[in-house]
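Novice: This is the structure I have questions about; it appears just below.
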Amino acid sequence: MTNLVWTVLPYLCLVVFVAGHFWRWRHDQFGWTTHTSQVLENRLLRLGSPLFHLGVLGVAGGHVMGLLVPASVTEKIGISEHAYHLTAVLGGTVTGLMLMAGLVLLIIRRMINGRVRRVTSRMDKVLYAALAAMVALGMIATVGVNLIGGGYDYRETIAVWFRGIFWFQPDPTLMSGAPLVYQLHAIGGFLFLALWPFTRLVHVWSAPLAYLWRPYVVYRGRRGPAPTATAAPEQVRDAAREPSARR
Amino acid sequence: MRIRAQVAMVMNLDKCIGCHTCSVTCKQTWTNRDGTEYVWFNNVETKPGIGYPKHYEDQDRWHGGWQLDEKGRLKLRSGGRVKRLSRLFVNPDLPSIDDYYEPATFDKDILANAPAGLKDTPVQQPRSALTGEPMAVTWGANWEDSLGGTHEHGTGDPNLARMSAEAAARVKFEFEKTFLFHLPRICEHCLNPACVSACPSGAMYKREEDGIVLVDQDRCRGWRMCVSACPYKKVYVNHSTGKAEKCTLCFPRIEAGQPTVCSETCVGRLRYLGIVFYDEDAVLAAASVTDEHDLLDAQRAVFLDPSDPAVREAARAAGMPQEWLDAAERSPVWRLISEYKVALPLHPEYRTLPMVWYVPPLSPVLDAVGEAGRDDTDADDIFHTIRELRIPVEYLAELFTAGDVEATAGVLMKLAAMRSYMRARTLDGTVADELLDGIGMTADQVEAMYRLLAIAKYDERYVIPAAYSKDAAALEAQATANQDCALDCEGGPGMTTQASAESFHLVEGEQVRPGGPGLVSRRSDGRRGFTINPLRGGA
């Protein structure tokens, strides 16, 4: 069971994540979009969207820092455990609250505005539910356990296990001792990755950074051969006038 | 000099009766789908009026188009690259759908299924196409048609705000006294398109061969920057697909040498389509001219004279076929813009170098001359009357010449002189030389202009060469390399083209290109296909 959850599931989810993106990119360029609904509703989006997106960027950065950077590295560059903990908890709480507030606003917007509700797909609803669950678990872990509670040093267990996945040596025993909320957040996280390629979240990979250096006006040649030339307008006109004259 | 060809349009506003046939046929062709209910690639608005979407010309609000920064460099009014990316999460300049209008639909079953013998007539209630809920229709794409409601909100016309108070006061909105004209609008297919420049994902592009501005639907990621950057608000969000859509200048028809749907169906015969040659290297400088009043001449100067041997040589060197050179020489658009100089661009001050130009409306002038007891064959009298029109020349100048009254008055003068000249010639056979002197045109020119504007023959209005392929050599190589299946095999590129071309307008049994097999010929199974190699006798 431990192996199944902490070794098989992550790999399964990662395979779905990669293969799913590959499939979507190949077969659904047309659906690869943010699905903007700003023309339909602007007031709540104006506040909710930046809060949500900036919060997400902060939270994502926090996860990179906490999971991918080993504790030994932060110590080596002179960041004490206490300083790290303080930054992580404070940064996590602030960006987490932004993310939560933004998400709540966006979900409310989807529910109360009839126009936006109509363009909300089933997958959007699944995505919003998954996001809400992930954010809730994450906030309980950050605020409930680390800020208010006694704290839990995930860098010695979860982070080590997580990095192990990438060199194919995950140690499932590291996870079995973690608090339940962290376990759920980790499982949920991988399931979330598996869901990712099938939702509108794919727009994340299209963040248009190339815009910063490309020329303003884009010229592009017509693809493929020239189409069939047809009769000139005057010939069409004459043909319509005298059907018998048509060759 | 880098020569390019552009398919451009001129509309003669004098002849627009506001029948909306162009809008309807365009909508039926392109935007009768989910998510585009509110979208009109072609719309006809009444001027003066606030337009569609509301107040779209107010760039202080929408920040569309370009402007010069303090160093005189051209930049998008909505900000540079970094600022744009910082606004990906929410675009503060984006119009909401209420700025267009809430599309309505009707439950027609109520009428169809109404039982016989009802005491009261069954009525349909409008329902929102966005929510399905019952709604009150309070605005539409042509709500102000023929000055409907203009007495209430007409003063919100952004063009009036830019005029002097005295001139604006002369624009009277009272119904009986007022004067109006219709302004049909499509995408301008600009030489310096702000929408393309603002598209973060690079999905929008200007076609190298004919200058048509398009959205690559597969590459659009829905960042919606094009919508706000276009000062004419002619890029729209399809709220069903989440992607941008815009007027395509009916490129499948243009490529086949046929006019756009809006032009083809225009009952007033006021649209002109043709190609113009322009110098791509001159575009930036022309858009960056400091004085807005110089923009018109700068934009005219970007065009290249198609009868100039040097230009023709450059066009040939750029790989354009003879057909295109000939079409450019016969182009009605070139003649109206550059030879007669009677067509003007819509809002040149947006600095996008729009490619749909307008012959400003003159209609009431000659009546006004008569009413004022003046002589409508006298150049001075006409000129004075033009300056005293109820819709002041200032208003037209705000639309077409960035407020340069002299330039607009000059064009109206030419049109008035042409009418008076032709009237004198037709009625009593006299040649009004003093009128010609006043506008600096020859009798031949005036008569040719009269023929183009008034007679407006189909094949003189639309001079569109069929598309050419820049990579013909590459295709030929491909065909030679693969003898069994080159272009017209199952799924090959030739097949797609054939299918799309056929679904457009080819009539069964029609000779595709008269006078020889050419690029296209009929195969043994009766279907049309590309002649793989005419020398090999393939097909």
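The values are calculated or read from the model by the stated rules, or taken from the named source; none is laboratory data. Note that the structure is predicted; figures quoted are calculated from it, not measured. Ideal geometry is used to build each Cβ from the backbone, glycine not excepted, and the neighbour counts take in all protein chains shown.
Novice: Of all residues in the stretch B:192-229, which are farther than 29 Å from B:LEU325 by Cα, more than 7 Å from every other protein chain (Cβ to nearest Cβ) and assigned to a helix (DSSP H, G or I)?
Specialist: Hits for the stretch B:192-229 are B:CYS195, B:ALA198, B:MET225, B:CYS226, B:VAL227, B:SER228, B:ALA229.
Novice: In the stretch B:6-32, which residues are assigned to a loop (DSSP other than H, G, I, E, B) and either over 28 Å from B:ASN238 (Cβ atoms) or in contact with a His (Cβ under 8 Å, 6 or more places away or on another chain) (or both)? Write out each step before concluding.
Specialist: Residues of the stretch B:6-32 assigned to a loop (DSSP other than H, G, I, E, B): B:16-20, B:31-32.
Answer for the stretch B:6-32, where residues must be assigned to a loop (DSSP other than H, G, I, E, B) and either over 28 Å from B:ASN238 (Cβ atoms) or in contact with a His (Cβ under 8 Å, 6 or more places away or on another chain) (or both): B:CYS16, B:ILE17, B:GLY18.
Novice: So, A:GLY78, is that one away from chain B (no Cβ under 14 Å) and outside any helix (DSSP H, G or I) or not?
Specialist: In short, yes.
Novice: State the number of residues belonging to the stretch B:244-259 that are part of a loop (DSSP other than H, G, I, E, B) and either among the basic types (Lys, Arg) or more than 26 Å from B:GLY202 (Cβ to Cβ) (or both).
Specialist: 4
Novice: Right, something else. What helices (runs of 4 or more DSSP H) lie completely within the stretch A:105-166 and have 1 or more residues being in contact with a Lys or Arg (Cβ under 9 Å, 6 or more places away or on another chain)?
Specialist: Fully inside the stretch A:105-166 and qualifying: A:114-118, A:122-139.
Novice: Only one of (1) free of Cβ contacts under 8 Å to residues at least 40 places away in the same chain; (2) small (Gly, Ala, Ser); (3) assigned to a helix (DSSP H, G or I); (4) over 24 Å from A:TRP205 (Cα atoms) is not met by A:ALA88, so which one is it?
Specialist: In the conditions (1) free of Cβ contacts under 8 Å to residues at least 40 places away in the same chain; (2) small (Gly, Ala, Ser); (3) assigned to a helix (DSSP H, G or I); (4) over 24 Å from A:TRP205 (Cα atoms), A:ALA88 misses (1) alone.
Novice: Sticking with this one: Look through B:GLN6, B:GLN59, B:GLN28 and report the one residue that is within 30 Å of B:VAL463 (Cα to Cα), over 15 Å from the mean Cα position of the chain (by Cα) and either surrounded by fewer than 18 Cβ atoms within 10 Å (Cβ to Cβ) or not charged (D, E, K, R) (or both). It would help to see each step written out before you state the result.
Specialist: Numbers: B:GLN6 fails: over 15 Å from the mean Cα position of the chain (by Cα); B:GLN59 fails: within 30 Å of B:VAL463 (Cα to Cα).
Among B:GLN6, B:GLN59, B:GLN28, only B:GLN28 is within 30 Å of B:VAL463 (Cα to Cα), over 15 Å from the mean Cα position of the chain (by Cα) and either surrounded by fewer than 18 Cβ atoms within 10 Å (Cβ to Cβ) or not charged (D, E, K, R) (or both).
Novice: With respect to the numbered conditions (1) over 19 Å from A:ILE187 (Cβ atoms); (2) at pLDDT 95 or above, which one is the sole condition not fulfilled by A:VAL126?
Specialist: (1)
Novice: If B:GLU45 satisfies all but one of (1) assigned to a strand (DSSP E or B); (2) closer than 30 Å to B:ARG312 by Cβ, what's the number of the condition it fails?
Specialist: It is condition (2) that B:GLU45 fails.
Novice: Which one of these is within 13 Å of another protein chain (Cβ to nearest Cβ) and under 21 Å from B:HIS182 (Cα atoms): B:GLU264, B:GLU280?
Specialist: Testing whether each residue is within 13 Å of another protein chain (Cβ to nearest Cβ) and under 21 Å from B:HIS182 (Cα atoms) leaves just B:GLU264.
Novice: I'm checking my understanding of the structure. Among residues of the stretch A:203-237 that are in contact with a helix residue (DSSP H, G or I) (Cβ under 8 Å, 6 or more places away or on another chain), facing chain B (nearest Cβ under 9 Å) and in a helix (DSSP H, G or I), which one is modelled with the lowest pLDDT?
Specialist: A:PRO233
Novice: To continue, here is another question. Condition first: closer than 30 Å to A:PRO50 by Cβ and surrounded by 15 or more Cβ atoms within 10 Å (Cβ to Cβ). Now tell me which residues in the stretch B:130-143 satisfy that.
Specialist: If the condition is that a residue be closer than 30 Å to A:PRO50 by Cβ and surrounded by 15 or more Cβ atoms within 10 Å (Cβ to Cβ), then B:LEU130, B:THR131, B:TRP139 are the ones that fit.
Novice: Another question, if that's okay. Hey, can you tell me all the residues within the stretch B:115-130 that are among the charged types (D, E, K, R) and in contact (Cβ under 8 Å) with a residue 12 or more places away in the chain?
Specialist: B:ARG127
Novice: Okay, next question. Mind checking which residues of the stretch B:101-143 are within 14 Å of chain A (Cβ to nearest Cβ) and part of a loop (DSSP other than H, G, I, E, B)?
Specialist: At the first step, the residues of the stretch B:101-143 found to be within 14 Å of chain A (Cβ to nearest Cβ) are B:101-105, B:127-135.
Selection gives B:TYR101, B:GLU102, B:PRO103, B:ALA129, B:LEU130, B:THR131, B:GLY132, B:GLU133, B:MET135.
Novice: Only residues that are touching a residue at least 60 places away in the same chain (Cβ under 8 Å) and in a helix (DSSP H, G or I): list them for the stretch A:56-71, please.
Specialist: A:VAL59, A:GLY66, A:LEU67, A:LEU68, A:ALA71
Novice: Right, another one. Output the number of residues of the stretch A:24-41 satisfying the condition of being over 17 Å from A:VAL204 (Cβ atoms) and in contact with a helix residue (DSSP H, G or I) (Cβ under 9 Å, 6 or more places away or on another chain).
Specialist: 5
A quick yes/no check of all residues on (1) among the hydrophobic types (A, V, I, L, M, F, W, C); (2) touching a residue at least 40 places away in the same chain (Cβ under 8 Å); (3) within 14 Å of chain A (Cβ to nearest Cβ); (4) crowded, with 22+ Cβ neighbours inside 10 Å:
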site: B:LEU396; (1), (2), (3), (4): yes, no, no, yes
site: B:ALA409; (1), (2), (3), (4): yes, no, no, no
site: B:MET418; (1), (2), (3), (4): yes, no, no, yes
site: B:TYR421; (1), (2), (3), (4): no, no, no, yes
site: B:ASP428; (1), (2), (3), (4): no, no, no, no
site: B:ASP433; (1), (2), (3), (4): no, no, no, no
site: B:ALA443; (1), (2), (3), (4): yes, no, no, no
site: B:GLU447; (1), (2), (3), (4): no, no, no, no
site: B:ALA467; (1), (2), (3), (4): yes, yes, yes, yes
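Novice: Ok, one more. Quick test of your reading of the structure: A:ASN3 fulfils all but one of (1) surrounded by 14 or more Cβ atoms within 10 Å (Cβ to Cβ); (2) in contact with a helix residue (DSSP H, G or I) (Cβ under 7 Å, 6 or more places away or on another chain); (3) of a type outside the set (A, V, I, L, M, F, W, C). Name the failing condition by number.
Specialist: (1)
Novice: Follow-up question, since we're still on this one. Inside the stretch B:62-100, can you point out the residues that are within 13 Å of chain A (Cβ to nearest Cβ), buried (at least 20 other Cβ atoms within 10 Å of the Cβ) and either among the polar types (S, T, N, Q) or part of a helix (DSSP H, G or I) (or both)?
Specialist: Listed by number, the residues that qualify are B:SER78, B:ARG84, B:ASN91, B:ILE97, B:TYR100.
Novice: I've got another one for you. Which of the residues belonging to the stretch A:20-51 are of a type in the set (A, V, I, L, M) and without any contact (Cβ under 8 Å) to a residue 40 or more places away in the chain?
Specialist: A:VAL39 - this is the single residue of the stretch A:20-51 that is of a type in the set (A, V, I, L, M) and without any contact (Cβ under 8 Å) to a residue 40 or more places away in the chain.
Novice: Of the conditions (1) over 29 Å from B:TYR395 (Cβ atoms); (2) crowded, with 19+ Cβ neighbours inside 10 Å; (3) of a type outside the set (D, E, K, R), B:LEU183 clears all except one; give me its number.
Specialist: (1)
Novice: Here's another thing I want to ask about it. Quick check: is even one residue across the stretch B:291-303 in contact (Cβ under 8 Å) with a residue 24 or more places away in the chain, of a type in the set (D, E, K, R) and under 23 Å from B:GLY72 (Cα atoms)?
Specialist: Yes, the stretch B:291-303 contains at least one residue that is in contact (Cβ under 8 Å) with a residue 24 or more places away in the chain, of a type in the set (D, E, K, R) and under 23 Å from B:GLY72 (Cα atoms).
Novice: Which of the residues spanning the stretch B:101-129 are touching a Lys or Arg at 6+ places or on another chain (Cβ under 7 Å) and crowded, with 16+ Cβ neighbours inside 10 Å?
Specialist: Once the filter is applied, which keeps residues that are touching a Lys or Arg at 6+ places or on another chain (Cβ under 7 Å) and crowded, with 16+ Cβ neighbours inside 10 Å, the stretch B:101-129 yields only B:ALA104.
Novice: Is it the case that the stretch A:46-55 has a residue that's outside any helix (DSSP H, G or I), under 23 Å from the mean Cα position of the chain (by Cα) and within 14 Å of chain B (Cβ to nearest Cβ)?
Specialist: no
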